[in-house]
Amino acid sequence: MSKYSKSSYREMAEDVVEIADELKRRNPIGVNCYYGAVVNASLAILEVSEGERWNFTSECGPVEK
């Protein structure tokens, strides 16, 4: 079972932001081009988090706080 099975969407979004920051820090040629896409993925997950916070529809997983 993945650690994300028990994570809220907000927690997952925070992990994705950390991945984006690490991509930017390492900055190998070309990989830094993906930084914006990874940040946008985090924003999309946060949007799901907000939706689930006010209208919980998940069949499994924790309730958003």
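Within region 27-65, the set of residues being of a type in the set (Ser, Thr, Tyr) and outside any loop (DSSP other than H, G, I, E, B) comprises Tyr34, Tyr35, Ser42, Ser49.
Residues in region 21-39 that are of a type in the set (A, V, I, L, M) and surrounded by 13 or more Cβ atoms within 10 Å (Cβ to Cβ): Leu23, Val38, Val39.
A single entry from Ser8, Ser42, Ser49, Ser2 fulfils the requirement of being of a type in the set (Ser, Thr, Tyr) and either surrounded by fewer than 16 Cβ atoms within 10 Å (Cβ to Cβ) or on the phi > 0 side of the Ramachandran plot (or both): Ser2.
Readers should treat all values here as calculations from the given coordinates under stated rules, not as data from a laboratory. Here the structure is a predicted model, which is why all the values come from computation and not from measurement. Please note: Cβ atoms are built from the backbone with ideal geometry, for glycine as well, and neighbour counts cover all protein chains shown.
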